[in-house]
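Visitor: Mind looking over this structure? Questions follow.
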Amino acid sequence: MTKGLVAGIISNLVIVEVDGPVSQNEICYIKIGDTKLMAEIIKIMGSKAYVQVFESTRNLRIGASVEFTGHMLEATLGPGILSKNFDGLQNDLDKMKDVFLKRGEYTNPLEDDKLWHFKPLAKVGELVEAGSWLGEVTENWIPHKIMVPFKFEGKYTIKEISAEGQYTIHDPIAKVVDNNGKAQNITMVQKWPVKVAIRAYKAKPRPFRMMETGIRCIDSLNPIVEGGTGFTPGPFGTGKTVLQHALSKHAEADMIIVAACGERANEVVEIFTEFPELEDPRTGRKLMERTTIIANTSNMPVAAREASVYTAMTIAEYYRSMGLKILMLADSTSRWAQALREMSNRMEELPGQDAYPMDLPAIISNFYSRAGFVYLPNGATGSITFIGAVSPAGGNLKEPVTESTKKVARCFYALSQQRADSKRYPAVDPIDSYSKYLEYDEFIEYINENVSKQWIDQIHYVRNLLIRGKEASEQINILGDDGVPIEYHIRYWKSEVFDYVILQQDAFDKIDSSTPIGRQKFMMEIIIRIIKRDYDFDSFEDVSKYFRSVINILKQMNYSEFKSDEFIKFEAELEEILTKRKVAEPA
Amino acid sequence: METQAFQKIYTKIDQITKATCSLRAKGIGYDELAYIGDRLAQVVKIIGDLVTLQVFGGTEGIPTNAEVTFLGKAPTLKVGDDLAGRFFNAYGDPIDGGPAVQGKEVEIGGPSVNPVQRKKPSNMIFTGIAGIDMNNSLVTGQKIPFFADPDQPYNVVMAMVALRAKADKIILGGMGLTNDDYLFYKNVFDNAGALDRIISFVNTTDDPPVERLLIPDMALTAAEYFAVEKNETVLVLLTDMTLFADALAIVSNRMDQIPSKDSMPGSLYSDLARIYEKAVQLPSGGSITIIAVTTLSGGDITHAIPDNTGYITEGQLYLRRDTDIAKVIVDPFRSLSRLKQNVIGKDTRSDHAQVMNAAIRLYAEAANAKTKLENGFDLTDFDERSLNFAKEYSNDLLAIDVNIGAIEMLDLTWKLFARYFTSQEVGIKKEFVDKYWPKKD
Ligand SMILES: Nc1ncnc2c1ncn2[C@@H]1O[C@H](COP(=O)(O)OP(=O)(O)OP(=O)(O)O)[C@@H](O)[C@H]1O
Ligand SMILES: [Mg+2]
């Protein structure tokens, strides 16, 4: 292997004079005393390799020896990933016993000795390729497929396959031979370079199945799909993290991967403490059983922060290849972009806008393109839905990370300062936000068949209602309450009904925090009925008074168990005040 | 920090800028300290044998033949129980005339706490200032700044919070503190008889600005000693973090780094996060809470310093002068403690959240009424009552000179509700109204 000597140090950028061939993104270890610091090559100039060190370089000296590994940064993939808390380099944080993180301490992401109950799925003589399912073990509750390693190229024939039984991840469970008769053993664990996409799938069509999130402003207005992409830009304190946590709790997915990327440690602690207690209503199991956390918080080394999103994505791709529905969340991708900026600055590269690297748009688009819905070679489907939080500097959306992300992510959930200030949570702006999937024919067809034939039309209808409501409220503000026809007040208050009852949702209430699609449909129908009616009012004061009482009852319904006695009582109360009001039914 | 006899002395500096010196030297460690003459400096870049040093005291008057000696170590602090009651400069040297501290020498700016070793912050800090305790409850292990205009009395409020919080240790990190403010803190702590639990690291406006860069790490290294090794509750006060960030900008600028927004280094977020994330609740019971000051320029919170701070801290506190009562209050609208939901109703009383929300809502009604009044519209009876409520609420609860217990502040708010409103107008859950609505006598 190639060796080198440290020739320059600028914070966590180290220049290494190498004595042999090295490759871009290769991993090396820098020796400092008895400790080895992991680093990654990010630029090569002649015999000088520029490496970003995943640790503090304090007390490192010129001349320190460096060993290259011949491989890129790799994730270790095998049973045991679920429910783990990893750092950005996939070190198992729970295996580190000190209060403080120790420089150069790397821990095993999996368990070497743990026995897994393996059941073969393939037979001797079968032709297989990278990603083919050879067998499975049960991990928590997920049938974890043991696959032909993604690094295997071409076709192989199964020579041997282990019988059902208990094995460790390092025991060979199959032997395969290639065309030339060369045999290789396969175990339950494999490695894969995190910055390279896993492509062991047959096709990647446009995604079309709706992913239920339980968040009304998403499902009922700008739905996302299994294998879709979205992002949530917003100034600090507008609710990006609360929204991400809500998605991780309620979204309909087999597995959740949370990349806490350069944000607060206390927010990760919240997941650590809550998820092992909280129940997933769909499976009755604890939320932590379907969750893996990659925690590289803001105070952890910045280069590892950059790696963390790739580590998370690689794990997502691995599980997608088992035919699972993955939801990956990253909070916040701006911190990842900033990590790139810090390194680019240290390398004195020609900066792009706001001193970000020139190729930032390409890096972001490359990353988002790894999400998606796929058909696996055996016909099964799998998906990675990716939603990233973006933290725009000064809350201004005209900045490189937001703009680059907007070009690739198909759902745009803009968190608005104004809505957050008036405590209209989640503060997703209903007018600026969009879901491109609403334009996909495949998606429309799916919704027509699986949700309802009216769903898409309703979405367009309420969007228009919201815009008209906003226009009306602007007119009222300019011309005064009695300077506009009463009709304007009615229009405004109709949009307020939708805002208060569908859009606003209390993330901290046990019932309101998640609304299954059936219940969303039910409420949506009630609201549309209310909105489509004509109303007669004598004065604008009556308009607000009336609709406030309507909203109040509808909100009580939101806080009650669906179809419970209480709920039905409120529903009846609503009917009463609706009929009491003299209204002309639409023609 | 004594130099050792066998150390090599260099006498040829190649390059001098406003904040850095470069020279050729061998065997130097990254982050290592050096003396250039009698000025302390730290290694910030090594390329081959060319070593660049950031000179904390500034480079004015440094000759190219100045004597440079390397100390073979990064900045350190001697930690021990005798830190208590002492005043130090940015280098950790006593400035109170007392003896040097004996203790274990530890490098400052040490590693982070493993996130899985943290505990969820859930113990309330009672300050007696109802504007904080009621609407923006603070929690041990939290990090929160005052976003303040330079003319606001943030140092007074911070000192008050510090003294009333039942902290085992209070550590003051003063950056660019005016001498008057430094003496203010000293006197307040002295008069309160609290000096024995206070430790101060101070860089005043008389000291070179780059020295400030050491202050937060010094303060937090001392904090970690008491929180981790002694399981103590430690409160760290950092004022003014805007001046700290300005010092970062000076250094990065001198090193020809490409500035990002507002001439701040591209690493500002990470630099600030490294400090604020030292706030922690440890499983052993020890904790570090950070209350900081970020002064604003012209109230602009989109400037890179408050903006990055807001993205890191767990809320922010705003002070505001309420001209109706001629007092400074804790602004209930813009202030936010993001950890308050961890403690309200649990460490206080179960009606806390409802009382808090109702009072703020009514206070907002008063603000609307005021706008109406200013625009020459008539006020309704409800408007009038809201305005009167707001005045009393502001004076009795939000003003920074208030000092009452948590139960008392809730009871007082109920009294104000009853004085001006019906229970329907207040809109609190029936079970609480039944229990706490003051009975007519
Ligand atoms: N859906 C919601 N329901 C109730 N409160 C909410 C909701 N969303 C946000 N909040 C409130 O807003 C506060 C800030 O939210 P959050 O931490 O998610 O902001 P953020 O956008 O992630 O900010 P930052 O960029 O600083 O991380 C929360 O502590 C909570 O009080
Ligand atoms: Mg957040």
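Visitor: Calculate what fraction, in whole %, of the accessible area of the stretch B:352-436 sits on carbon and sulfur atoms when a 1.4 Å probe is rolled over the protein chains. All intermediate terms of the calculation are to be shown ahead of the outcome.
Guide: Working: 2130 of 4280 Å².
Ligands and nucleic acids excluded, carbon and sulfur reach 50 percent.
Visitor: Size of chain A along its principal axes in angstrom, Cα-based, largest extent first?
Guide: 88, 56, 43
Visitor: Another one. Can you give me the distance in nm between label points at residue A:538 and residue A:347, each placed 7 Å from the Cα along the Cα-to-Cβ direction?
Guide: Result for the modelled spin labels: 7.5 nm.
Visitor: Treat each spin label as a single point 7 Å out from the Cα along the C-beta direction, and report the residue B:430 to residue B:373 distance in nm.
Guide: So the label points at residue B:430 and residue B:373 sit 3.6 nm apart.
Visitor: Taking a 25 Å limit on the Cα-Cα distance, which of the listed pairs B:327/B:370; A:195/B:119; A:470/A:545; A:423/B:340; A:3/B:45; A:249/A:532 fall beyond it?
Guide: A:195/B:119; A:249/A:532
Visitor: Kirkwood hydrodynamic radius, computed over distinct alpha-carbon pairs, for the protein assembly as shown: how many Å, to one decimal?
Guide: 31.2
Visitor: For the stretch B:76-338, how big is the tail of P(r) above 22 Å, as a whole percent of Cα pairs? Display every interim value, and only then the final one.
Guide: On the way: 18254 of 34453 pairs.
Tail of the P(r) past 22 Å holds 53 percent of the pairs.
Visitor: Report, to the nearest whole %, how much of the accessible area of the stretch A:176-324 belongs to carbon and sulfur atoms, 1.4 Å probe, protein only. Write out the running numbers ahead of the final one.
Guide: On the way: 1880 of 3900 Å².
With neighbouring chains kept in place, the figure for the stretch A:176-324 is 48 percent.
Visitor: Another question about this same structure. Can you pull the mean other chain C-beta count within 10 Å for peptide B:384-392?
Guide: Numbers: counts 0, 0, 0, 0, 0, 0, 0, 0, 0.
Per-residue shielding by partner chains comes out at 0.
Visitor: Separate question: What lysines does residue A:202 reach when the alpha-carbon gap must be under 20 Å and sequence neighbours fewer than 8 apart in one chain are set aside?
Guide: Cross-link targets: A:145, A:151, A:155, A:325.
Visitor: Continuing with the same structure: Taking only Cα atoms of the stretch B:276-426, what ratio of Rg to Rh do you get with Rh as the Kirkwood inverse-distance radius?
Guide: Numbers: Rg = 17.8 Å, Rh = 17.6 Å.
Radius of gyration over Kirkwood radius for the stretch B:276-426 works out to 1.01.
Visitor: Shielding of B:255-262 by partners, i.e. mean partner chain Cβ atoms within 10 Å per residue? List each step's numbers first, then the result.
Guide: Values: counts 1, 1, 6, 9, 4, 10, 6, 2.
Averaged over the peptide's residues, the number is 5.
Visitor: Equivalent ellipsoid semi-axes for the stretch A:469-534, as square roots of 5 times the alpha carbon gyration tensor eigenvalues: give them largest first, rounded to whole Å.
Guide: Working: eigenvalues 166, 42, 9 Å².
One finds semi-axes of 29, 14, 7 Å for the stretch A:469-534.
Visitor: Compute the long axis of helix A:441-450 from its Cα atoms, compare it with the longest principal axis of the Cα atoms of chain A, and write down the angle in degrees, 0 to 90, nearest 10.
Guide: 70
Visitor: Evaluate Rg over Rh across chain B, taking Cα atoms for both radii and Kirkwood's formula for Rh.
Guide: Working: Rg = 24.9 Å, Rh = 23.7 Å.
Result: Rg/Rh = 1.05.
Visitor: Calculate what fraction, in whole %, of the accessible area of the stretch A:3-72 sits on carbon and sulfur atoms when a 1.4 Å probe is rolled over the protein chains.
Guide: On the way: 1420 of 2670 Å².
Reported share for carbon and sulfur atoms: 53 percent.
Visitor: Show me, bin by bin at 10 Å from 0, the whole-percent P(r) of the stretch A:3-72 based on Cα pairs.
Guide: So the P(r) values, bin by bin, are 24, 63, 12.
Visitor: Enter the Cα centre distance for the pair the stretch A:271-310 and the stretch A:388-407, rounded to the nearest angstrom.
Guide: Centre-to-centre (Cα) distance: 24 Å.
Visitor: At a Förster radius of 22 Å, what calculated FRET efficiency corresponds to the Cβ-Cβ distance of residue A:575 and residue A:464, to the nearest 0.05?
Guide: Working: r = 26 Å, r/R0 = 1.20.
Approximately 0.25, to the nearest 0.05.
Visitor: Mind listing the Cα extents of the stretch B:352-436 along all three principal axes, in Å, largest one first?
Guide: Sorted largest first, the three principal extents are 40, 32, 18 Å.
Visitor: Taking N as the number of residues in the stretch A:116-188, what is its Cα Rg relative to 2.2 N^0.38 Å? Intermediate results must be reported in sequence, preceding the final value.
Guide: Values: Rg = 11.6 Å, N = 73, 2.2 N^0.38 = 11.2 Å.
Dividing the Cα Rg of the stretch A:116-188 by 2.2 N^0.38 Å gives 1.03.
Visitor: Roughly how many Å is it from the Cα centre of the stretch B:268-297 to that of the stretch A:1-16, as a whole number?
Guide: 32
Visitor: Okay, moving on. So what is Rg over Rh here for the stretch A:210-435, counting just Cα atoms and using Kirkwood for Rh? Write down the numbers at each step before the final one.
Guide: Values: Rg = 16.8 Å, Rh = 17.7 Å.
Using only Cα positions, Rg/Rh for the stretch A:210-435 is 0.95.
Visitor: Treat each spin label as a single point 7 Å out from the Cα along the C-beta direction, and report the residue B:67 to residue A:529 distance in nm.
Guide: Distance between label points: 9.2 nm.
Visitor: Over all directions, how big on average is the projection of the convex hull of the alpha-carbon atoms in the stretch A:347-495, in square nanometres? The partial results should precede the final answer.
Guide: Numbers: hull surface 54.8 nm².
One quarter of the hull surface, i.e. the mean projection, equals 13.7 nm².
Visitor: I would also like to ask the following. Would you list the P(r) distribution for the stretch B:195-303, with all Cα-Cα distances sorted into 10 Å bins from 0 and each bin expressed as a whole %?
Guide: Result returned by the calculation: 13, 41, 31, 13, 2.
Visitor: Also: Return the FRET efficiency for the residue pair residue A:48, residue B:12: r is the Cβ-Cβ distance, R0 is 30 Å, and the value is rounded to the nearest 0.05.
Guide: Numbers: r = 26 Å, r/R0 = 0.87.
Computed FRET efficiency for residue A:48 and residue B:12: 0.70.
Visitor: Quick one, could you list the DSSP H helices from chain B stretching 27 Å or more along their long axis (Cα atoms) with average Kyte-Doolittle hydropathy of -1.0 or above?
Guide: Values: long enough: B:352-374 (33 Å, -0.18).
Answer set is B:352-374.
Visitor: To continue, here is another question. To the nearest Å, what is the center-to-center distance of the stretch B:362-382 and the stretch B:324-342, using C-alpha atoms only?
Guide: 21
Visitor: Give the Kirkwood hydrodynamic radius (Å, one decimal) of the stretch A:348-412, defined as one over the mean of 1/r across all pairs of different Cα atoms.
Guide: Details: mean 1/r = 0.0733 Å⁻¹.
Every distinct Cα pair counted, the radius reaches 13.6 Å.
Visitor: Under 37 °C and 0.692 mPa s, how fast does the stretch A:202-287 diffuse according to Stokes-Einstein, given a Kirkwood radius computed over C-alpha pairs? Answer in µm²/s, whole number.
Guide: Details: Rh = 14.5 Å.
Taking Rh from Cα pairs, D becomes 226 µm²/s.
Visitor: Within 10 Å of each Cβ of A:388-398, how many other protein chain Cβ atoms are there on average?
Guide: Values: counts 0, 0, 0, 5, 2, 11, 10, 4, 3, 0, 0.
Mean number of neighbouring Cβ atoms from other chains: 3.
Visitor: Under a Cβ-Cβ cut-off of 13 Å, what is the net charge of the residues other than residue A:506 that fall near it, where Lys and Arg count +1 and Asp and Glu count -1? Provide the component values of the computation, followed by the final result.
Guide: Details: positive: A:216, A:423, A:424, A:510, A:555; negative: A:509, A:512.
Net charge around residue A:506: +3.
Visitor: OK, next. What is the sum of charges, Lys and Arg at +1 and Asp and Glu at -1, for the other residues whose Cβ falls under 11 Å from the Cβ of residue A:325? Before the final figure, lay out the partial values.
Guide: Working: positive: A:209, A:290, A:320; negative: A:212, A:226, A:252, A:254.
Net local charge, residue A:325 excluded: -1.
Visitor: Of A:110, A:20, A:296, which is farthest towards the positive pole of chain A's charge dipole, taken about the Cα centre with +1 and -1 on the beta-carbons of Lys, Arg and Asp, Glu respectively?
Guide: In chain A, that residue is A:20.
Visitor: So what's the convex hull volume per residue for the Cα atoms of the stretch B:8-70, in Å³?
Guide: Working: hull volume 4.2 nm³, N = 63.
Cα-based convex hull of the stretch B:8-70, divided per residue, equals 66 Å³.
Visitor: Under 10 Å, Cα contacts only: if you run a Gaussian network model on chain B, which one of B:266, B:286, B:27 comes out with the highest mean-square fluctuation?
Guide: B:27
Visitor: Compute for chains B and A the buried accessible surface, both sides summed, probe 1.4 Å, and express it in Å² to the nearest 100. Intermediate results must be reported in sequence, preceding the final value.
Guide: Working: alone 19440 and 25180 Å², together 39840 Å².
That pair hides around 4800 Å² of surface in total.
Visitor: Which three extents, in whole angstrom, do the alpha-carbon atoms of the stretch B:125-250 cover along their principal axes, largest first?
Guide: 38, 36, 28
The values are calculated or read from the model by the stated rules, or taken from the named source; none is laboratory data. Computed from a predicted structure; not experimentally measured. Cβ atoms come from the backbone with ideal geometry, glycine included; neighbour counts cover every protein chain shown. Note: accessible area is taken over every heavy atom of the protein model, side chains too, but ligands, DNA and RNA are not part of it. Shrake-Rupley method; radii C 1.70, N 1.55, O 1.52, S 1.80 Å.
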